[in-house]
Amino acid sequence: MRCRWIILLLLLPLFLGGCLSNVDMRQRVILTAVGIDGADVPGHVTITAQLLNALKAPQGDADAVLVISSTGHTGFDAARNMVKEVGRKVFWGQIQAIVIGEEVLREVNAAQLLDFLDRDFEPSRLAYVLVARGQTGAVVMGCGGSMLDSIPVGTITNQVEGVRATGKSHVMRLHDFMRALDTPGRSCATGFLTVTGEKTTGLGEVCKNQKIILEGVATFREGWVVGFWDDKETRGLNWVLGEVTSGMLITKDPSEQNKVSLEILGASSRVEPMMVDDQPVIRITVNAEANIGDIVGPGLDILDDGLIASLERRQATVIRNEILAALKRAKDERTDVFGFGTAFARRFPRQWEKMADSWDEQFLPDLPVELIVEAKIRRVGLCLSPIRVQ
Amino acid sequence: MDIEQNVHQIRAEFGDPKDLKVRFFTFGSARPRTGALLYFLDLTEDGAIPETILRPLMIETWKLSDAQILAPDLISKLQNEFLLGAETETVSGFNQAVQALLGGRVILLVDGHASAIAINLRQEHRREIQEPDVEMVITGPREGFVETISRNIGLIRRRIATPSLRVQEFQLGEKSQTRVTLIYIAGLADDRIVSEAISRLNKIQVEAVFDPGQLEDFLEDAPWSPFPTWGTTERVDVCAAQLLEGCVAILTDGSPVCLFAPVTFLSFFQTPDDYYMRYPAATLARWLRLSGISISLVFPSLYLAIVNFHPELIPFALLVTIAAAKERIPFPLVVEILLMEAVFEMLREAGLRMPRPIGQALTIVGPLVIGQAAVQAGLVAAPVIVVVATTAIGTFLIAREKVTQATRILRFPLLILTALFGMFGLILGMIALLTHQVSLRSLGVPYMYPLAPLDLKALRDVLIRSPKWDFQSRRVAVHLPEDEGSD
């Protein structure tokens, strides 16, 4: 009898969603990336998808993906309407990138646009969320990507991974994006794409002439896009978040004759919320290390006692300027992309309750920030002074 | 009493065959008596008959007086004073004489006497001792059992020179009357295990025994289980090692196969040369074999579950490759896998029984059919070939054929469960399988020992073949149910 109950219990999970969808690979079509836009009918949503053409994808032909647009009342409705044209079951479990058009983001809140991706069990939460600046998501979906990648979305994902070498963008995954939307005292900031070149191919096919470039970040306030940050401001954000792992810092030596570029080896940051006289104060400590990458100019004496120290001070100044630019932009836009509010909520939960409602409007713009940057130069490269051509 | 009549009766019993030889002769001086020798050709070493029987009887009996020849104890006198055969006995009944003849003995009838003498001149065909084909080792003894039981027992005695080696003989098979022996080392083998084995042997009722495999059905604790609970070996050193671990072994005449028990599931993953090789290599080999069984059991099902039910688990680039391969295939994945598995099993079975010259043709056609052609024809996707081939390699990794057979059989129900219920079905199947294994016993010893009941020290020897000075004892830990209270 007990045995029978155990068997019954073991069989119960059969009814859980997602465990029993037996779909053969041939009846599926893999969706690699999706663009989300508005539609002609107000309030409707258009979804543009890059669907994998499995037979052609490994060769990297222009028809490696099929680009399809469909419209519906909501994102989910539009997604389901795709079946009308495709016929196969669209598989969302491996979606790599979600690109939202700028226009629709000004009309519809991001949370509403992405709800269907967050609610359904299938879409991959690891997908990158990106904004198409001055473009629709559909246009980005129509871009063929780089020749190096066999499928267009490969270019986007490679750009997202590769941008870590410069620290000049910051892309959030769907899971983090939705969580940040849901967290008080924290705003979303994710990379944006720009498109260059003219489209030369027909609908449904990608165009290799059009190039996508990943730049800066688009910032959000309460799910609405409010600004597009440039390289400098974006890296300022990354310094504070501790997400600069590599990149270049350009400065000059004290004689102002040589250009010195520093290769960032890594950085760490600490954000400490404090209450001073019942007013919130934030202290940011950034530690950065770098190598000398190159010295361009008449040359300088690396062995000079004070040189490295002064280069380190200059390095710190560059970093400090980037952070200050980011802070100013955030304060102007009243968007807390750094998550300062969350830091307060965690450290001072009682005081936070009073601040929570008016954090972005009242407290953030006047938030005093104490900024400490410690920069170190670790290695000077393999030569002491530049080769003198004779 | 009349010798003609007796001989006739015996011949009639066998249907007067040509290979039953009868030799009449007379012996004694003054009052010669008639004697008759009966024996089967080939069962008996007939070359030895003149020297050991005829010569003493026909020539040496001159010195017997008439009184002695006529005395009723003539039979025992002949047996004790004249016959040179090493093993003689008096048989009195007709049936006894018939059995003795079948056992390769020479029957000596004497006119006027109701009893006869059976002289053992059995001829054994002894195969050369060879290395068993099925249990190859890299280093270690090459000695394998042969078909002659007396030699096999001798081989064991040569390796275990202790008086406590016990050899208990049974005669099984109504028609075959096969000698079956139970071998164990008194003091090492647990008494309960020995008596259990004896009682099971005593209960066996069969027509004929040609191989211990025929007895295995009767000896097993769980005959319906796909898992073997008796180990099999043809190697003398393995048998000896098992005896020293406290196992009982069963040998039957006419077969080089030795059965031994108790065994545990994990012991099937140890090979004899594990203990002859250096320990790091042996440990690696053990891990390989354990992964071999996991692969051969679940790999096709796992592939099916992931590709059809959970493609999100596959790295994106790999998914693209799999999808591309699958695009042109007309069958559902499960059909594809079943098809390939079936072809592989057929090839394997065909290769097993194939006459050697034809086998070559099979080895050429087989890989072509399974591999290249099936993919090019668009019947099977290339990744499926890789999966099936890996599975096959996994089965070959398992050292013992018996476990391989179990995994070959179990692979299919697991695959079908997976096709129906996905990953969930696979896990459910594995749970059921493990539950079954845990409930098994081999001659009363838990099959999954040392995993269940857990014994960390013993488990270490399963996972790591540590140096010999490091482990204390390799004896089978006998955890019979009644132990649990008294320990």
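The values are calculated or read from the model by the stated rules, or taken from the named source; none is laboratory data. What you see is a predicted model, and the numbers here were worked out from it, not measured in a lab. When we count neighbours, we look across all protein chains shown, and the Cβ atoms used for this are built from the backbone with ideal geometry, even at glycine. Ligands, DNA and RNA are stripped out before the accessible areas are found, and what is left, the full protein with its side chains, is counted by its heavy atoms. Shrake-Rupley method; radii C 1.70, N 1.55, O 1.52, S 1.80 Å.
Number of residues in the range B:137-149 that are surrounded by 13 or more Cβ atoms within 10 Å (Cβ to Cβ) and either of a type in the set (S, T, N, Q) or in a loop (DSSP other than H, G, I, E, B) (or both) equals 9.
Taken as a whole, the structure leaves A:ALA54 outside the set of residues that are among the hydrophobic types (A, V, I, L, M, F, W, C), free of Cβ contacts under 8 Å to residues at least 40 places away in the same chain and away from chain B (no Cβ under 11 Å).
Taken over the range B:317-344, the residue count meeting the criterion of being buried (at least 21 other Cβ atoms within 10 Å of the Cβ) and without any contact (Cβ under 8 Å) to a residue 40 or more places away in the chain is 4. Of all residues in the range B:58-73, those being without any contact (Cβ under 8 Å) to a residue 40 or more places away in the chain and in contact with a strand residue (DSSP E or B) (Cβ under 8 Å, 6 or more places away or on another chain) number 2. What residue, among those in the range B:321-366 that are within 26 Å of the chain's Cα centre (by Cα) and acidic (Asp, Glu), is nearest to the other protein chains (Cβ to nearest Cβ)? Checked the range B:321-366; the qualifying residue nearest to the other protein chains (Cβ to nearest Cβ) is B:GLU345. The set of residues from the range A:101-119 being open to solvent by less than 100 Å² (accessible area, probe 1.4 Å), of a type in the set (Asp, Glu) and under 20 Å from A:VAL195 (Cβ atoms) comprises just one member, A:GLU102.
The test for being away from every other protein chain (no Cβ under 14 Å), aliphatic (A, V, I, L, M) and crowded, with 18+ Cβ neighbours inside 10 Å holds for B:VAL298. Of the helices (runs of 4 or more DSSP H) that lie entirely inside the range A:98-158, those containing 1 or more residues that are within 18 Å of A:LEU31 (Cβ to Cβ) span A:110-119, A:137-141.
Right, A:ASN291: of a type in the set (S, T, N, Q) and open to solvent by less than 30 Å² (accessible area, probe 1.4 Å) or not?
Judged against the criteria, A:ASN291 is a match.
Looking at A:ARG106, A:ARG125, A:ARG133, which one is in contact with a His (Cβ under 6 Å, 6 or more places away or on another chain) and touching a residue at least 24 places away in the same chain (Cβ under 8 Å)?
A:ARG125
Residues of the range B:192-207 that are of a type in the set (Val, Ile, Thr), in a helix (DSSP H, G or I) and over 12 Å from B:PHE170 (Cα atoms): B:ILE193, B:VAL194.
Taking the condition of being small (Gly, Ala, Ser) and at pLDDT 95 or above, how many residues in the range A:79-100 meet it? Quick ask: steps written out before the conclusion?
Keep residues of the range A:79-100 that are small (Gly, Ala, Ser), which gives A:79, A:87, A:93, A:97.
Add one more test, that the residue is at pLDDT 95 or above, and what stays is A:97.
Within the range A:79-100, residues that are small (Gly, Ala, Ser) and at pLDDT 95 or above number 1.
The residues of the range A:123-150 that are within 12 Å of chain B (Cβ to nearest Cβ), open to solvent by less than 40 Å² (accessible area, probe 1.4 Å) and modelled with pLDDT under 90 amount to a single one, A:ASP149. Pairing each residue of the range B:237-261 that is within 18 Å of B:SER195 (Cα to Cα) and open to solvent by less than 10 Å² (accessible area, probe 1.4 Å) with any residue that is charged (D, E, K, R) and not in a strand (DSSP E or B), provided the two are 6+ apart or on different chains, yields C-beta distances under 8 Å for B:GLY246/B:ASP190; B:GLY246/B:ARG475; B:LEU259/B:GLU216.
Checked against the criterion of being under 23 Å from B:LEU318 (Cα atoms), away from chain B (no Cβ under 14 Å) and either open to solvent by 20 Å² or more (accessible area, probe 1.4 Å) or touching an Asp or Glu at 6+ places or on another chain (Cβ under 8 Å) (or both), the candidates A:ALA62, A:ALA39 yield just one match: A:ALA62. Selection of the range B:1-17 for residues being assigned to a loop (DSSP other than H, G, I, E, B), open to solvent by 40 Å² or more (accessible area, probe 1.4 Å) and without any contact (Cβ under 8 Å) to a residue 12 or more places away in the chain yields B:GLY15, B:ASP16. Scanning the range B:81-136 for residues that are open to solvent by less than 60 Å² (accessible area, probe 1.4 Å) and of a type in the set (Gly, Ala, Ser) turns up B:GLY85, B:GLY93, B:ALA97, B:ALA100, B:GLY103, B:GLY104, B:GLY112, B:SER115, B:ALA116, B:ALA118. B:VAL388 meets all of the listed conditions (1) in a helix (DSSP H, G or I); (2) open to solvent by 30 Å² or more (accessible area, probe 1.4 Å); (3) of a type outside the set (D, E, K, R); (4) more than 14 Å from every other protein chain (Cβ to nearest Cβ) but one, namely (2). When the range B:421-460 is filtered for residues that are among the hydroxyl-bearing types (Ser, Thr, Tyr), buried (at least 17 other Cβ atoms within 10 Å of the Cβ) and within 18 Å of B:PRO226 (Cβ to Cβ), the ones remaining, listed by number, are B:SER442, B:TYR447. Every test in (1) more than 14 Å from every other protein chain (Cβ to nearest Cβ); (2) touching a helix residue (DSSP H, G or I) at 6+ places or on another chain (Cβ under 6 Å) is passed by B:THR264 save one, and that test is (2).
Here A:ILE47, A:ILE98, A:ILE68 are screened, and the one residue that is over 23 Å from the mean Cα position of the chain (by Cα), away from every other protein chain (no Cβ under 14 Å), more than 27 Å from B:GLU336 (Cβ to Cβ) and of a type in the set (Val, Ile, Thr) is A:ILE68. The number of residues in the range A:154-198 that are hydrophobic (A, V, I, L, M, F, W, C) and open to solvent by 40 Å² or more (accessible area, probe 1.4 Å) comes to 2.
Looking only at the range B:392-409, count how many residues are touching a Pro at 6+ places or on another chain (Cβ under 6 Å) and either at pLDDT below 90 or open to solvent by less than 40 Å² (accessible area, probe 1.4 Å) (or both).
Residues flagged as touching a Pro at 6+ places or on another chain (Cβ under 6 Å) and either at pLDDT below 90 or open to solvent by less than 40 Å² (accessible area, probe 1.4 Å) (or both) within the range B:392-409 amount to 2.
Scoring B:GLY140 on the criteria (1) over 25 Å from B:ARG200 (Cβ atoms); (2) under 17 Å from the mean Cα position of the chain (by Cα) leaves a single failure, condition (2).
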